[in-house]
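To start, the structure under review is shown below, and the notes come after it.
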Amino acid sequence: MGISRRAVVAAALAMPGLARAQAAWPSRPVRVIVPFPPGGSNDAVARPLAEHLQARFGQPFVVENRPGAGSTIGSAELVRVPADGLTLMVTSSTFSTSSAVQRTPYDAAVDFEAVAMLAVAPLVVLAAPGFPPNTLAELVTYLRAHPGRVDYGSAGPGSINQLSAELFAQKAGGLSLQHVPYRGMGPATTDLAAGTIQLLFTTLPSARGIIDSGRVKAIGWTAENRPPGGPQAPTPRESGLPDYEAGIWWGLLARRGTPPEIRDRLNAAANEALSGGRLAGYLESEGATPTPRSAAEGDAFLRADLARWREVAAAANIRVE
């Protein structure tokens, strides 16, 4: 069916108005949802980023914490608003892992788009002091000889810790590990140091103290971007696992359908914030690598991350009800 002349004329008349609306953006304060409690890494990323965006665009960028249900409560709030760039969300890899292991009131791959992917950070693989392997390569050999007899901890079912460990087991040839979920990383690291569990995949900030004290061993990283100042443990490629990569990311997301011009302006401003100042300093303290990308590149990264963790969760039969 052809397009009527009336429809073409109506579209042409609407375009100047749309262009003016986009040029005037933001016409009022912008909400920046953080789907986690105050004080965590997402909140610490969102606040200096919001300050930078406010200075750049001349309107308040107001951080609003909406925690709960593995980030799904705050994420659902973004789906309920118009795709006009006046509500954004700073989130992290939990957004992907939650959508992989639980039912959400939205389709993460359809309802959201990346404005900017801000940074990535690997996890460090820790071992109990008496556990024989001292590197990832030795760990693979040991697990092949002791299938299903090694316990690893996590911050809870469906967490990035669990999924990163399961991806490691899959990429290393279908190894078998036993998952021990905890209520947070504090109890998990305590049990690791005591030898109650043998392995832990965790972030550098949460592990730095226990590594520096010599109470556990750092035997590897889950990605190639080994943080400056972190332990000189081998990366996956150095361990003969070039296909293994896992870690955490932080990003700025919008409702899908946000006008491209607004996305591009936000993307440029967010990338500026990564070059210095409070945001860059915080990311360095987290052992994170800034990742300035275009909005399109960030969206491709997000979609690939969502697909990967869904595959891992399905293969390992991980489901959180």
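Quick rundown of the values:
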{"read-out": "Leading residue by the ranking (surrounded by the most Cβ atoms within 10 Å (Cβ to Cβ)) among those in segment 225-242 that are within 21 Å of the chain's Cα centre (by Cα) and farther than 19 Å from Glu138 by Cβ", "value": "Pro227"}
{"read-out": "One residue from Ser206, Ser213 being under 19 Å from the mean Cα position of the chain (by Cα) and without any contact (Cβ under 8 Å) to a residue 24 or more places away in the chain", "value": "Ser206"}
{"read-out": "Flag if Ile219 is touching a residue at least 24 places away in the same chain (Cβ under 8 Å) and under 16 Å from the mean Cα position of the chain (by Cα)", "value": "no"}
{"read-out": "Top-ranked residue in segment 57-75 [being among the polar types (S, T, N, Q) and either closer than 15 Å to Ser159 by Cα or not assigned by TED's automatic domain parsing to the domain that holds Arg308 (or both); ranked as surrounded by the fewest Cβ atoms within 10 Å (Cβ to Cβ)]", "value": "Thr72"}
{"read-out": "Within segment 206-229, tally of residues that are in a strand (DSSP E or B) and modelled with pLDDT under 95", "value": "0"}
{"read-out": "The listed residue being in contact with a His (Cβ under 7 Å, 6 or more places away or on another chain) and modelled with pLDDT of 95 or more, out of Leu279, Leu266", "value": "Leu279"}
{"read-out": "Any hit, segment 162-181, residues being assigned to a loop (DSSP other than H, G, I, E, B), crowded, with 24+ Cβ neighbours inside 10 Å, modelled with pLDDT of 95 or more and not β-branched (Val, Ile, Thr)", "value": "no"}
{"read-out": "Hits in segment 129-139 (condition: of a type outside the set (A, V, I, L, M) and part of a helix (DSSP H, G or I))", "value": "Glu138"}
{"read-out": "Condition check for Arg265: assigned to a helix (DSSP H, G or I) and either surrounded by fewer than 18 Cβ atoms within 10 Å (Cβ to Cβ) or free of Cβ contacts under 8 Å to residues at least 24 places away in the same chain (or both)", "value": "no"}
{"read-out": "Candidate set from segment 87-128 (those that are more than 12 Å from the chain's Cα centre (by Cα) and in a loop (DSSP other than H, G, I, E, B)); member that is surrounded by the fewest Cβ atoms within 10 Å (Cβ to Cβ)", "value": "Arg103"}
{"read-out": "Criterion: among the acidic types (Asp, Glu) and closer than 19 Å to Thr202 by Cβ - qualifying residue of Glu138, Glu166", "value": "Glu166"}
{"read-out": "Failed criterion for Leu139 (all others in (1) assigned by TED's automatic domain parsing to the domain that holds Glu77; (2) of a type outside the set (Val, Ile, Thr); (3) crowded, with 24+ Cβ neighbours inside 10 Å hold)", "value": "(1)"}
{"read-out": "Segment 190-205, residues that are outside any loop (DSSP other than H, G, I, E, B) and either of a type in the set (Val, Ile, Thr) or surrounded by fewer than 21 Cβ atoms within 10 Å (Cβ to Cβ) (or both)", "value": "Thr190, Asp191, Ala193, Ala194, Thr202, Pro205"}
{"read-out": "Close pairs (7 angstrom Cβ cut-off, 6 or more residues apart or separate chains): more than 15 Å from Arg144 (Cβ to Cβ) in segment 164-184, assigned to a helix (DSSP H, G or I) anywhere", "value": "Glu166/Val312; Glu166/Ala316; Leu167/Val312; His179/Gln162; Tyr182/Ala188"}
{"read-out": "Segment 276-305: number of residues that are among the aliphatic types (A, V, I, L, M), closer than 18 Å to Asn42 by Cβ and surrounded by 19 or more Cβ atoms within 10 Å (Cβ to Cβ)", "value": "4"}
{"read-out": "Residue that is free of Cβ contacts under 8 Å to residues at least 24 places away in the same chain and either more than 22 Å from Ala313 (Cβ to Cβ) or touching a helix residue (DSSP H, G or I) at 6+ places or on another chain (Cβ under 7 Å) (or both), where the choices are Ala46, Ala55", "value": "Ala55"}
{"read-out": "Residues that are in contact (Cβ under 8 Å) with a residue 60 or more places away in the chain and surrounded by fewer than 20 Cβ atoms within 10 Å (Cβ to Cβ), drawn from segment 76-86", "value": "Val79, Val81, Pro82, Ala83, Asp84, Leu86"}
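The values are calculated or read from the model by the stated rules, or taken from the named source; none is laboratory data. Bear in mind that the values here come from a model prediction, so they are computed numbers and not experimental data. All Cβ positions, even for glycine, are placed from backbone atoms using ideal geometry, and neighbour counts span all protein chains on display.
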